[in-house]
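Every number in this text was worked out from the coordinates using simple rules, so none of it is lab data. The structure presented is a predicted model; accordingly, all values stated were derived computationally and were not measured. Glycine also receives a Cβ, built like all others from the backbone with ideal geometry; neighbour counts cover every protein chain displayed.
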Amino acid sequence: MELKGATAIVTGGASGLGEACVRRFVASGANVVIADLNEERGQAVATELGAAVRFVKTDVSNEDDPEKCLQTALEAFGGVHILVNCAGIATAQRTVGREGPMPLNDFTKVIKVNLIGSFNMIRVIGAKMMEQEPNANGERGVIINTASVAAYDGQIGQVPYSASKGGIVGMTLPLAREFSKFGIRVCTIAPGIMDTPMMQGLPEAARISLGQQVPFPPRLGRPEEYAHLANFIIDNELINGEVIRLDGAIRMAPK
């Protein structure tokens, strides 16, 4: 799948990993719909990047919002060929803390946004991809989800987050198998400790300390490196049904 001339929908595209994808895709000649809750930031990125970008205020966990993104892509650019799911939230909370059991809603909210939200986008955008004419190689679309190394070595306090990301890992292969006869590939990236807005709120000393836990290179990952890998997955049609760790070989300690 070539980025040039293609149309991508990127959830969480107003910041962090998603924004890096938006910028790389546009630089490569793609059209992009930014799907994000942050209207001010999302609109600012769209305005900066010009006619190739649209912004749609999107709650990925809302059943109806993926359709709004799809309609914008169709009306503005005539189709949709790529979906990158970067929208997500994280919490740090023990299952049983000093105040007792975790409120159930705190768990379900993370699952709803990270896991159900990703599936919600896939079911709507994937259905449209199936209807499109394939390219010369038989491809109709590429879907890239975002998991985390926490899916494999989640830390204490990460149970909701790890569960949500583990679910994304678990649905990668069955989705790829289901969509294969339509020429749609499905892959997942599992980032390690990335320099995203969530990390930028930490003191510099803490950021440096976290980076030094990475075997090599001993630093935080850059959003541009995530976007580079997403670009590579899109380009290479043999990569399908795979979860790729992007983590500098880190394995997270219990806490």
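Some notes on this structure:
- GNM result for the chain, Cα springs below 10 Å: residue of Pro203, Pro223, Pro174 fluctuating most strongly: Pro203
- Here the peptides 193-199, 38-44 are ranked by packing, the mean other Cβ count within 10 Å, and the order with the highest first is 193-199, 38-44.
- Backbone N under 20 Å from the Ala92 label point (7 Å along Cα→Cβ), restricted to the range 228-255: 250-255
- Inter-label distance, nm, simple model (7 Å from Cα along the C-beta direction), Asp64/Ile239: 3.7
- Each of Ile143, Thr95, Ala76 was scored by the projection of its Cα onto the charge dipole of the chain, and the greatest displacement toward the positive side belongs to Thr95; charges sit on the C-beta of Lys, Arg, Asp and Glu.
- The Kirkwood hydrodynamic radius of the range 72-149, based on inverse pair distances between different Cα atoms, is 15.1 Å.
- Percent of C-alpha pairs per 5 Å bin, the chain, short to long: 1, 6, 14, 18, 20, 17, 12, 7, 3, 1, 0, 0
- Once the Cα atoms are used to define both axes, helix 159-179 deviates from the longest principal axis of the chain by about 30 degrees.
- Within-9-Å neighbourhood charge of Lys57 [Cβ basis; K, R +1; D, E -1]: -3
- Unit charges on C-beta of K, R, D, E only; dipole of the range 79-196, Debye: 200
- Magnitude of the charge dipole for the range 1-87, about its Cα centre and with charges confined to Cβ atoms of Lys, Arg (+1) and Asp, Glu (-1), is about 400 debye.
- The range 123-188: projected area of the alpha-carbon convex hull, averaged over directions, in nm²: 4.7
- The modelled label-to-label distance between Leu173 and Ile156, using points 7 Å beyond Cα along the C-beta direction, is 3.2 nm.
- 3J(HN,Hα) along the range 111-124, derived from phi through the Karplus expression 6.51 cos²θ - 1.76 cosθ + 1.60 where θ = phi - 60°, amounts to 4, 5, 6, 6, 8, 5, x, 5, 4, 4, 5, 4, 5, 7 Hz, with x in place of Gly and Pro.
- Antiparallel DSSP beta bridges within the chain, as percent of all bridges there, nearest 5: 5
- The alpha-carbon of Lys112 sits under 24 angstrom from the alpha-carbons of these lysines, leaving out residues fewer than 8 places away in its chain: Lys57, Lys68, Lys128, Lys165.
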